[in-house]
Structure formats: structure tokens, C-alpha cells
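What follows draws every value from the coordinates through simple rules; no lab data is involved. Because the structure is predicted, anything quoted here is derived from the model rather than measured. Because the Cβ atoms are built from the backbone with ideal geometry, glycine has one as well, and the counts that use them run over all protein chains shown.
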Amino acid sequence: MRWWDIDPVLELEKGLFPEDAWSRGMFWSELAHSRGPEATRRYLVAEDDGRIVGYAGLVASGDQADVQTIAVAHDVQGTGLGARLLTELLKAASAFECAEVMLECRVDNVRAQKFYERFGFEPIGFRRGYYQPGNVDALVMRLTTESGGGSAAGSSSAQETETND
């Protein structure tokens, strides 16, 4: 993802997450930390005929990474794009040498929860009122390596599906 992708990403974001959409400033801030030798973020977009149809982002800190967002346009959901985006994020976590990957998922988004479980994520707790302004709780999920070291990307096994997390 580059700065010129922010407007189309925002359009997709507002359509997919009308109650808790990210702001332009949030995307700018994330992208500011995604370049250079001190980069701690990885953001990417998926395009179809020049149109952004998906995006995803991850932040790394120490040996832990956090999936910040994954989104897929309604008209391409169910095509495996969400799985490809998450796979790329897990590769980025590996490149950052993260041993575990965390994420939050709306408690009412069962489809996304099942998607993440197929990758090996396990629920570990809740964050009350995490999604604002709707005051919706988040299910916290974690993926760790089988050996406890190395990369979290090595333990994923995706099925073709998607999510709106």
C-alpha cells in the first residue's frame, strides 16, 4: 500500500466497516511506519483491473506481530483473496522474526473467527468495547509457532475463504 492508495482504500473501508471505519489519518500514520530500515508495519493492497478490491496490514513489535486489518470487497468475497492477504501478512511476520501473531475480531463476526481458526489462530480472551463507536467486544486470537520459535507463518494452513476483519 502506498499513499496514493489511501483514497480508494478509504472508500472500501467505509463500505465494509461503516460503524468503525479507520480515518485517513490512521492509514497515513500506519504507512509512515512501513518504509525504511526501521519499518515496523506491512500494508498491502490487492487490485483487480486497477481497482483496489482488498487490503491488509500488520504491525510488528519485538517477537510479536498484530494483524491490524484485512478487508475484501463484497463482490470478490469467497474467492480466496482474504486467505492470500493473510498469507502475505504471515510472511511479513516471519520476515520481522515474530514468534506469534495476534489479532482482534468482532465477537459478532463468526465467519471471520472460523477463517482465522483455519489458519491456526486460537481465541485467548476478549477486549470489552474494543470496536467504537458501536461498543462491540473483540475476541482476541493468537497464532504461535509449533516449536515456540522461528516464524508464525510456518504454521498456517489456509482454506479458500475471506473475512471482513
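A few remarks follow.
- Scanning the stretch 15-45 for residues that are surrounded by 12 or more Cβ atoms within 10 Å (Cβ to Cβ) and assigned to a helix (DSSP H, G or I) yields 15, 16, 24, 26, 27, 29, 30, 31, 32.
- Of all residues in the stretch 60-75 being surrounded by fewer than 24 Cβ atoms within 10 Å (Cβ to Cβ) and of a type in the set (A, V, I, L, M, F, W, C), the one that is farthest from residue 101 (Cα to Cα): 73
- Looking only at residues in the stretch 105-149 that are among the acidic types (Asp, Glu) and outside any helix (DSSP H, G or I), the one that is surrounded by the most Cβ atoms within 10 Å (Cβ to Cβ) is 137.
- Evaluated against (1) free of Cβ contacts under 8 Å to residues at least 12 places away in the same chain; (2) under 20 Å from residue 113 (Cα atoms), residue 14 falls short on exactly one condition, (2).
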